[in-house]
Ligand SMILES: [Zn+2]
C-alpha cells in the first residue's frame, strides 16, 4: 500500500523535476548489452555502436533508490 503511494508520489516528482539524464556514464558492454547509465537517477539506456548514440531507455531503477536521500 505505502509502496504504491510512494511510487505515485515519485512519478509526480519525476514529472515535475524529472531527471534530464545529463550525467551519463561511459559506454558499458555487459552480458551482450551495450548501455550507458545515468548517474543521477540510475536509468539504463541502450547504446548503439552503429549510430554512436543512445537508442532507448532499458529500465528504470527501483523507485526508492531513484532519489538520493543524503
Ligand atoms: Zn537520469
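The values are calculated or read from the model by the stated rules, or taken from the named source; none is laboratory data. Remember, it's a predicted structure, so these values are computed and weren't measured experimentally. Cβ atoms come from the backbone with ideal geometry, glycine included; neighbour counts cover every protein chain shown.
For the stretch 29-53, which residues satisfy the criterion of being modelled with pLDDT under 90, more than 9 Å from the chain's Cα centre (by Cα) and either assigned to a strand (DSSP E or B) or closer than 16 Å to residue 7 by Cα (or both)? Scanning the stretch 29-53 gives 30, 33.
Scan the stretch 25-47 for residues that are exposed (fewer than 12 other Cβ atoms within 10 Å of the Cβ) and away from the ligand (no atom under 16 Å from the Cβ) and jot them down. Matches in the stretch 25-47: 29, 30, 31, 32, 33.
Applying a threshold of 6 Å to beta carbon distances and a minimum spacing of six or more residues, or different chains, the list of pairs starting in the stretch 12-23 at a residue that is over 19 Å from residue 36 (Cβ atoms) and ending at one that is more than 8 Å from the ligand (Cβ to nearest atom) is empty.
Could you list, in sequence order, the residues of the stretch 1-24 that are part of a loop (DSSP other than H, G, I, E, B) and either within 16 Å of the ligand (Cβ to nearest atom) or modelled with pLDDT of 85 or more (or both)? Break it down into steps so the answer makes sense when it comes.
Filtering the stretch 1-24 for residues part of a loop (DSSP other than H, G, I, E, B) gives 1, 18-23.
18, 19, 20, 21, 22, 23, listed by residue number.
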